[in-house]
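Inspection log for the structure reproduced underneath, given as structure tokens.
The values are calculated or read from the model by the stated rules, or taken from the named source; none is laboratory data. This one's a predicted model, so the numbers in the text were calculated from it and none came from an experiment. Neighbour counts are summed over all protein chains in view; Cβ atoms, including those assigned to glycine, are modelled from backbone coordinates with ideal geometry.
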Amino acid sequence: MKYRCGYVSVVGRANAGKSTLINRVVGEKVAIVSNKPQTTRNNILGIKTGEDYQLILVDTPGIHISKNHLDRFMNKSVRTALVGVDLIVYLIDGSKFTDEDEKHYIEKLKSGEIPVITVLTKSDKSLKSDFKADFIISSLSGDNIENLIEKMIEFLPEYSEKKPIYDEDYYTDKNLKFLVAENIREVALKILQKEIPHGIAVEIIRFEEKESLTIIEADIICEKFSHKGIIIGKGGKTLKVIGQQARNECEKLIGNKILLKLFVKVEEDWRNKPNQLSSFGYNDKN
Ligand SMILES: Nc1nc2c(ncn2[C@@H]2O[C@H](COP(=O)(O)OP(=O)(O)OP(=O)(O)O)[C@@H](O)[C@H]2O)c(=O)[nH]1
Ligand SMILES: [Mg+2]
């Protein structure tokens, strides 16, 4: 028997559609998605297992210029995802113009030791990029996704016996608590505007699974006192909407009824404080 198994890193600029592609390939919501840049903060594995292969995709934060400690952590996560993998998939937003900086970056990646496949995505929209990519796909319509999956599998090391790295029913390396926190953050990203979403972290402070109900309490951390009032909203209205939508998302994820309580906490300038980054899950263990 021939069995292929290994790692593929998906990298590219913020908002290119990396997480959407991984969710599409895996067929589960592994990573949260939003129309705001810098949604993904940690490297997250999305695992697709077939009869004769296991394809482990590494979702990464968007490549961008570093500003604060959180940004640096995110860039470091991208760099770790560029070593020890079998293939790099560089994703480009096809609905936008591709600038010289990005083309340069791709050339640099290609001169390294790990093979690189370039992919233009969002082909369901009108293409504005002139980049000559190896694949043109749409993660929304599913266009050309199967071909890309086949190609990625070709790059994985081959074994003569079935040798999956992860249990065959795992689709991610993250636990339920992490996924719940991320789903709450996704709803907050959707509902909140301007600079607030970038300064938000979610920390689960209680996670209790009972037979017919899961009790979850979480802090939404923001970095300024003025943001706290906006997140709560008039008479608590905004926080209530976030809570309702987050509960729906998390119930889908957990498959159980949830009692969700959200609190808003201010940790001034937390994105610049290494200790706090770590306590919110932004450390090398994640
Ligand atoms: N029309 C269209 N939109 C897409 C497609 N793929 C992703 N998007 C949208 O593009 C936006 C960004 O998608 P994400 O998957 O969060 O992008 P990302 O590269 O993971 O972004 P970061 O985590 O911030 O680096 C979202 O609004 C997606 O719905 C696609 O194939 N077609
Ligand atoms: Mg992402």
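List of remarks:
- Count of residues meeting criterion [among the polar types (S, T, N, Q), touching a Pro at 6+ places or on another chain (Cβ under 6 Å) and at pLDDT below 95] in the stretch 41-83: 1
- Residue match in the stretch 212-222 (condition: loosely packed, with under 13 Cβ neighbours inside 10 Å and modelled with pLDDT under 95): yes
- Residue pairs meeting the criteria (Cβ under 8 Å; at least 6 apart or on separate chains; first under 17 Å from ILE22 (Cα atoms), in the stretch 121-148; second more than 8 Å from ligand 1 (Cβ to nearest atom) and modelled with pLDDT under 95): ILE136/LEU127
- Contacts under 7 angstrom Cβ, first residue in the stretch 169-185 being within 19 Å of LYS48 (Cβ to Cβ) and at pLDDT 95 or above, partner β-branched (Val, Ile, Thr) and part of a helix (DSSP H, G or I), 6 or more apart: TYR171/VAL26
- Residue that is surrounded by the fewest Cβ atoms within 10 Å (Cβ to Cβ), among those in the stretch 44-62 that are of a type outside the set (A, V, I, L, M, F, W, C) and within 11 Å of ligand 1 (Cβ to nearest atom): GLY62
- If you go through the stretch 58-73 and keep only what is closer than 14 Å to SER9 by Cβ and touching a Phe, Trp or Tyr at 6+ places or on another chain (Cβ under 8 Å), you end up with VAL58, ILE63.
- Hits in the stretch 26-39 (condition: surrounded by fewer than 22 Cβ atoms within 10 Å (Cβ to Cβ) and in contact with a strand residue (DSSP E or B) (Cβ under 6 Å, 6 or more places away or on another chain)): VAL26
- Filtered residues of the stretch 63-86 (kept if out of contact with any Ser or Thr (no Cβ under 6 Å at 6 or more places or on another chain), surrounded by 15 or more Cβ atoms within 10 Å (Cβ to Cβ), farther than 20 Å from VAL33 by Cβ and among the hydrophobic types (A, V, I, L, M, F, W, C)): PHE73, LEU82
- Strands (runs of 3 or more DSSP E) enclosed by the stretch 44-162 - at least 2 residues per element that are within 16 Å of the chain's Cα centre (by Cα) and assigned by TED's automatic domain parsing to the domain that holds GLY27: 44-49, 53-59, 87-93
- Scan of the stretch 248-275 for residues that are closer than 30 Å to ASN68 by Cα and free of Cβ contacts under 8 Å to residues at least 40 places away in the same chain, ordered by number: ASN275
- Selection count where residues are surrounded by fewer than 24 Cβ atoms within 10 Å (Cβ to Cβ), on the phi < 0 side of the Ramachandran plot and near ligand 2 (Cβ under 9 Å from one of its atoms), scope the stretch 2-18: 1
- Which listed residue, of ILE196, ILE231, is modelled with pLDDT under 95 and aliphatic (A, V, I, L, M): ILE196
- Unique match (being small (Gly, Ala, Ser), under 20 Å from HIS198 (Cβ atoms) and buried (at least 17 other Cβ atoms within 10 Å of the Cβ)) among GLY281, GLY243: GLY281
- So GLY17, is it more than 8 Å from ligand 1 (Cβ to nearest atom), assigned by TED's automatic domain parsing to the domain that holds ALA81, more than 21 Å from SER66 (Cβ to Cβ) and small (Gly, Ala, Ser): no
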